[in-house]
Amino acid sequence: MFAVTLRPRVASAHVRQPFTAVDAMVHDWLAERPATPHAARARLDVSERDDRYEVRAELPGASRDAIAVDIDGARVSISASAKPATEQKEGEKLLYSERRSAAFERAFELPQAVNADAAQARFEDGVLTLTLPKMDALKARRLTVQ
C-alpha cells in the first residue's frame, strides 16, 4: 500500500519560470564554447538619400587590410577578419587571454543598383562606412515600328 502526502504550497517572493534552469544551462554552455569557424554577422545601419545609400558596419578588431567589400549591381557583400594582437615582450609569458580571432560576413541587397566605380569606403574606430551612389535607373522606352 502507498500513501500520498500533500504539502502546503509555500508562497515565494518570486515566481519561477519553467525554463529558467534550462536557459541558464544553455547560456553557460554557449559561453564556454571555443571560437567557432563560422563568421559572425556584421551589424549594419543602412540609410538612403536621394542619390546614394550609406552603410555603416561594425567590425570590431578588424584591420583595414583585412576588409573586403564586393558590389554586384544591388548586391553588397562585406567580409573581414580580426586577429588579436599577440605581441609579447621578451621575458613575458601570457597567463590568460579571452581575446580570440573573429570573422565577419554580411551580404545584402539594396532596392536599387549602385555605381561600384564611384563607391567609397572609409574605416575608422571599428566602423566601416560605405557611400554607395545609386545607379541611374534604366528608363523604359518605346520603339517605333517601321
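Where a number appears in this text, it was derived from the coordinates with a stated rule and is not lab data. Being a predicted model, the structure only gives us computed values, none of them experimental. Don't worry about glycine lacking a Cβ; one is built from the backbone with ideal geometry, like all the others, and counts go over all protein chains shown.
Here the range 59-127 is treated as a sphere whose radius is the Kirkwood value from Cα pairs; by Stokes-Einstein at 37 °C and 0.692 mPa s it diffuses with a coefficient of 227 µm²/s. Judged by the mean number of other Cβ atoms found within 10 Å, the most tightly packed of the peptides 50-59, 107-116 leads the ranking 50-59, 107-116. Modelled spin labels at S77 and E54, positioned 7 Å past Cα toward Cβ, are 2.7 nm from each other. Between L143 and A107, the FRET efficiency from the beta-carbon distance, with R0 = 30 Å, is close to 0.25. Computed from the Cβ-Cβ distance with R0 of 22 Å, the FRET efficiency linking D136 to A68 stands at 0.25.
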